[in-house]
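Q: Below: one structure in structure tokens.
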Amino acid sequence: MKAIHVKLAIAIVLDLADFFIGRIPGWGTAFDFVLALVGFAMFGWKGFAQLWEVVDFTDQIDGFVPTLTLIALAELREERKAAGKSAAKSGGKRK
């Protein structure tokens with residue numbers, strides 16, 4: 001299993017946790033900050049996109065947007081695109 005697939009699985013689990021933890025008053029915003037740090041650790045600067053969820057201080061809307069999962073899917077797409085370009089350069093041989 002590739003590292004990006006592990007990151008995607010972790011992102012899905014964390015977004016599901018955010019969906020449920022966000023319903024607890026006060027915990028949702030704190031958890032969003034933690035998720036931003038985790039996102040940075042996993043995806044670099046792109047992970048800080050998770051901070052947009054802090055804007056919703058009610059924590060009722062942001063739980064329905066799986067931000068980390070979307071970032072992971074974008075990373076997976078970029079990786080596949082890069083693999084396709086490198087395969088085209090090497091004559092179509094993909095691993």
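Q: Is there a quick way to get the dipole size of the chain? I mean about its Cα centre, with the Cβ of Lys and Arg at +1 and of Asp and Glu at -1; what is the value in debye to the nearest 20? If you can, show how the numbers build up before the last one.
A: On the way: 12 positive and 10 negative charges, 227 e Å.
Dipole of the chain, to the nearest 20 debye: 1100 debye.
Q: Lys and Arg at +1, Asp and Glu at -1: add these up for the other residues within a Cβ distance under 11 Å of residue 27 and post the number.
A: Value of the local net charge: -2.
Q: Points 7 angstrom from Cα along the Cβ direction at residue 38 and residue 65: gap in nanometres?
A: Result: 1.9 nm between the two label points.
Q: Now for a different question. Decide, for the chain, between rounded, prolate and oblate: order the square roots of the alpha carbon gyration tensor eigenvalues as a ≥ b ≥ c, take rounded if a/c falls under 1.5, and otherwise choose prolate if a/b is larger than b/c, else oblate.
A: Taking the square roots of the gyration eigenvalues as a ≥ b ≥ c, the chain is prolate.
Q: When the accessible area of the chain is computed with all protein chains present and a 1.4 Å probe, what percentage of it is carbon and sulfur?
A: Working: 4570 of 6270 Å².
Reported share for carbon and sulfur atoms: 73 percent.
Q: If each DSSP helix of 4+ residues adds -39,500 (n - 2.57) and the sum is divided by the residues in the chain, what number results at 222 nm, nearest 500 deg cm²/dmol? All intermediate terms of the calculation are to be shown ahead of the outcome.
A: Details: 3 runs with 59 residues, N = 95.
After summing the helix terms and dividing by residue count, I get -21500 deg cm²/dmol.
Q: With the other protein chains left in place, how much accessible area per residue, in square angstrom, belongs to the chain at a 1.4 angstrom probe? Provide the component values of the computation, followed by the final result.
A: Values: 6270 Å² over 95 residues.
Here the per-residue accessible area is 66 Å².
Q: Which of the trypsin sites (Lys or Arg not before Pro) across the range 1-30 are loop residues per DSSP, with 14 or fewer other Cβ within 10 Å?
A: 2, 23
Q: On to the next question. Answer with one residue from 17, 39, 1: the one whose Cα lies farthest towards the positive end of the charge dipole of the chain, charges on Cβ with Lys, Arg +1 and Asp, Glu -1.
A: 1
The values are calculated or read from the model by the stated rules, or taken from the named source; none is laboratory data. None of the values given here were measured: they were computed from a predicted structure. Heads up, the Cβs are rebuilt from the backbone with ideal geometry, glycines too, and the neighbour counts pull from every protein chain shown. Just so you know, the surface numbers come from the protein's heavy atoms only, side chains and all, with ligands and any DNA or RNA stripped out. Shrake-Rupley method; radii C 1.70, N 1.55, O 1.52, S 1.80 Å.
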